[in-house]
Each structure stands twice: as C-alpha cells, then as structure tokens.
Amino acid sequence: MRVAVFSTKPYDRQFLDAANEHFGHELVYFESALSEETAPLASGFWAVCAFVHDRVDRPVLEQLVGGGTSLVALRSAGFNNVDLEAAGNLAITVVHVPAYSPYAVAEHAVALILVLNRGIHRAHGRVRDGNFSLNGLLGFDLHGRTVGIVGTGAIGETLARILAGFGCVLLAYDVRENPACVELGVRYVELDELLAKSDAISLHCPLTRDTHHLIDAEALAKVKPGVMLINTSRGALIDTQAVVDALKDGRIGSLGLDVYEEEDELFFEDLSNVVIQDDVFMRLLTFPNVIVTAHQGYFTSDALSNIAETTLANIDTFERGERSGNEVEIERLRG
Ligand code: NAI
C-alpha cells in the first residue's frame, strides 16, 4: 500500500525501512508534521502514518478523506491527538500500536526517579568541574518508600514490577484494577489517598477529558510535602503552572518530566540557537530539582523496531480487509 508517513526523523526511516523489507509497502516519508497546512501532501494516499505531534483533528481528517485516505496508522500507543469521533463519522479507520515496549517507558521513569533522588544530573556536572562537594545531593533509600502509580496498564504494571524489586510499597489508582498488580502486592486506593501517602508519584494513564490536568493546584494541595512527581505519559495530565508554584513552595520536592503540555512546539527539534518563548517551560528548567527529557521514554531500539513492525502489520491487515485488533474506536473507549 502507498503510505504517507509524517513526522519522520532519520531513525524512524531506518526502522520502518528495515521492517518494510518483508511487507513491501510503498512508504513516502515527510519530515513535516501532519497539520491543516501539510494534509494536502497525503492526497492520493490510501493510508497515512502519524506520530504523537501530528494533528489529526476534524479539519485534517476532512482533508484526508477528500484526498482518498481511509486509514490513519499511528506509530504510538497514545491517540489523544486524534479526533476519534470525527474519524468515525468520516469512516476513517484509526489503528495504533498498543504495547510496543512497556519496558522502554517504565525504565525511563525509573531512570528519572533514580537521577532525581541522588542528584546524579548535578553530580555529573560538579565532578567534571572539579567540585567534589556533596552538599545538596542528599537522597533517600527507595527501599521501603511508598510509590503511587496512576494508571496500571502495560507501562504502569511494568513499573510496579521494577519497583517491587526495589522493595517499595506500591499504591495505585486506576479506573479498573489490574489483577497482575494485585498479585504483585500493589494496593489500589482512591486518588486522594495515593496523593496523601506517596513519597513518589508516577503517571501512566492516557490523556483523556477525565485525566486532563489530573494533577492541578487542588491535587497538589493534598500531596505529601516534598513528593517526587514523575510524568512520562502525556504533558497535559499536569497543570504545569500549578506544578511550578508547588516547586517554588516545596510541596513538590523533585520533578521528572518526559512530556510537557506544550511540547509540540519544542520537542524532537534542535532549538539550541533559538530564543524559546515559552516562559513556563523555561522557568521549569531553572529548578535544580527538575529534570526534563524530550519525550524519549519510547526511544529504545527494541521499541522502535516493534513500533515499525506493528504499524506495517496494521496497514497490511487493513489492506486485506481484516481487523488487527489494534483499531481505536470511540465506542470501544466508552465501553
Ligand atoms: P494502557 O492502556 O496499557 O494503560 C493505561 C491505564 O490507564 C489503564 O489501566 C487504564 O485503565 C488507566 N486509565 C484510563 N483512564 C484513567 C483514569 N481516568 N484514571 C486512572 N487511570 C486511568 O497504556 P500504556 O501502554 O500503559 O501507556 C500509558 C500512557 O503512556 C499512554 O497513554 C501514553 O500517553 C504514554 N506513553 C508515553 C510514551 C513516552 O515515550 N513517554 C510512550 C508510550 C506511551
């Protein structure tokens, strides 16, 4: 099938080309993100392949349908950037990659926890500068500490398994319990109890209308003073300005972000010669107890290889008129 592949970097092409050797699709790569301006590039393509910063809203979908597109194949697990209602109305099928490597993201969350706790980011700079002082680097044993996991699907469960190995006490909040987590000893509680009792909180639920700004000023008023907050899921799960305020008064002791609510304007690009205009984001970068990575949780060779395989298999299945089970439909989400 001819596929218009948006938002491609050299590494995306490398893994898609390798996987495509046994699929034989005609992949046409576009570096630009999918938007109202770039949607005409997809004219004449039956399938469009998109990533997390591609805008797949109603105006874009209407243009895609006008150009003959029937399938949007996401190279991501998250699909908050797609207007599923519009896709359904326009009879466009949307497929995603539900679980390409929960390890990649869960391990990145653990990396953020460990680096923040022991100040490794600061220690690295200090030692290279001949400063061997330990002031300000005091951490705590993870063993015995309480970690609250919000969202215990594939990634949340994997994180729970890793942290169980550290000897952490695990609390979770989810709209449905995961039996594997219960078996592991995770205790499901209401969000308020998780906020009040956790020494570290890690977010692993999808971004939906219900979870938008789940961590806002009201939630932050309930946390244990000095809590560590980790978000590797989607930026808009937290109200960034409220988090900045909580960092300033010490309610948040440390913050690790792999996602940011306005990241579309920043992440995946080299802006080192540009004056960044986003003052909230730049304020975040001034805190010694904050680490931001640019949406790299998924970025392992294993994950990229699985993403490429599943995406091309999803397209193949659609071409044969069959269902892959990876369709994202609004009815299924409601059900
Ligand atoms: P999943 O679908 O396996 O698990 C999501 C869990 O969140 C489910 O257990 C679900 O019941 C729960 N959930 C849904 N609504 C909720 C609510 N209102 N409150 C609490 N829990 C709720 O998804 P998976 O694979 O674990 O991924 C989680 C998220 O991680 C994705 O939605 C995506 O946004 C993000 N992600 C980030 C990546 C990165 O590179 N940083 C890469 C891959 C995913």
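The values are calculated or read from the model by the stated rules, or taken from the named source; none is laboratory data. All of these numbers come straight from a predicted model, not from anything done at the bench. For neighbour counting, all protein chains shown are included, and Cβ atoms are generated from backbone atoms with ideal geometry for every residue, glycine included. The accessibility values were calculated without ligands, DNA or RNA, using every heavy atom of the protein model including side chains. Shrake-Rupley method; radii C 1.70, N 1.55, O 1.52, S 1.80 Å.
Below are the figures for this structure:
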quantity	calculated
Candidates Thr310, Thr286 - the one that is open to solvent by 20 Å² or more (accessible area, probe 1.4 Å) and assigned by TED's automatic domain parsing to the domain that holds Thr8	Thr310
Qualifying position, being crowded, with 16+ Cβ neighbours inside 10 Å, in contact with a Lys or Arg (Cβ under 7 Å, 6 or more places away or on another chain), in a helix (DSSP H, G or I) and not charged (D, E, K, R), among Leu195, Leu159, Leu163	Leu195
Residue under evaluation Arg209, criteria (1) closer than 22 Å to Ile155 by Cβ; (2) modelled with pLDDT of 95 or more; (3) not in a strand (DSSP E or B), criterion not met	(2)
Condition broken by Ile149, with the remaining ones in (1) within 24 Å of the chain's Cα centre (by Cα); (2) assigned by TED's automatic domain parsing to the domain that holds Leu312 satisfied	(2)
Neighbours by Cβ (under 6 Å, 6+ apart or cross-chain): first from segment 304-330, closer than 18 Å to Val82 by Cα; second part of a helix (DSSP H, G or I) and of a type in the set (A, V, I, L, M)	Ile330/Leu84
Within segment 103-138, tally of residues that are farther than 30 Å from Arg58 by Cα, in a helix (DSSP H, G or I) and not hydroxyl-bearing (Ser, Thr, Tyr)	23
Top-ranked residue in segment 226-238 [being over 14 Å from Ile149 (Cβ atoms) and buried (at least 21 other Cβ atoms within 10 Å of the Cβ); ranked as farthest from the ligand (Cβ to nearest atom)]	Ile238
Meets criteria (more than 10 Å from the ligand (Cβ to nearest atom) and open to solvent by less than 50 Å² (accessible area, probe 1.4 Å)) for Gly250	yes
Selected residue (only one of Ala172, Ala196, Ala160 is more than 10 Å from the ligand (Cβ to nearest atom), small (Gly, Ala, Ser), modelled with pLDDT of 95 or more and touching a helix residue (DSSP H, G or I) at 6+ places or on another chain (Cβ under 9 Å))	Ala160
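Rundown of residues vs (1) more than 30 Å from Phe318 (Cα to Cα); (2) modelled with pLDDT of 95 or more; (3) within 11 Å of the ligand (Cβ to nearest atom); (4) open to solvent by less than 50 Å² (accessible area, probe 1.4 Å), yes/no style:
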| residue | (1), (2), (3), (4) |
| --- | --- |
| Leu71 | no, yes, no, yes |
| Asn89 | no, yes, no, no |
| Val94 | no, yes, no, yes |
| Ala104 | no, yes, yes, yes |
| His108 | yes, yes, yes, yes |
| Gly153 | no, yes, yes, yes |
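Results for (1) within 19 Å of the chain's Cα centre (by Cα); (2) at negative phi; (3) among the charged types (D, E, K, R); (4) away from the ligand (no atom under 14 Å from the Cβ), shown as yes or no for each residue.
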residue	(1), (2), (3), (4)
Ala242	no, yes, no, yes
Asp258	yes, yes, yes, no
Ile276	no, yes, no, yes
Thr310	yes, yes, no, no
Asp316	no, yes, yes, yes
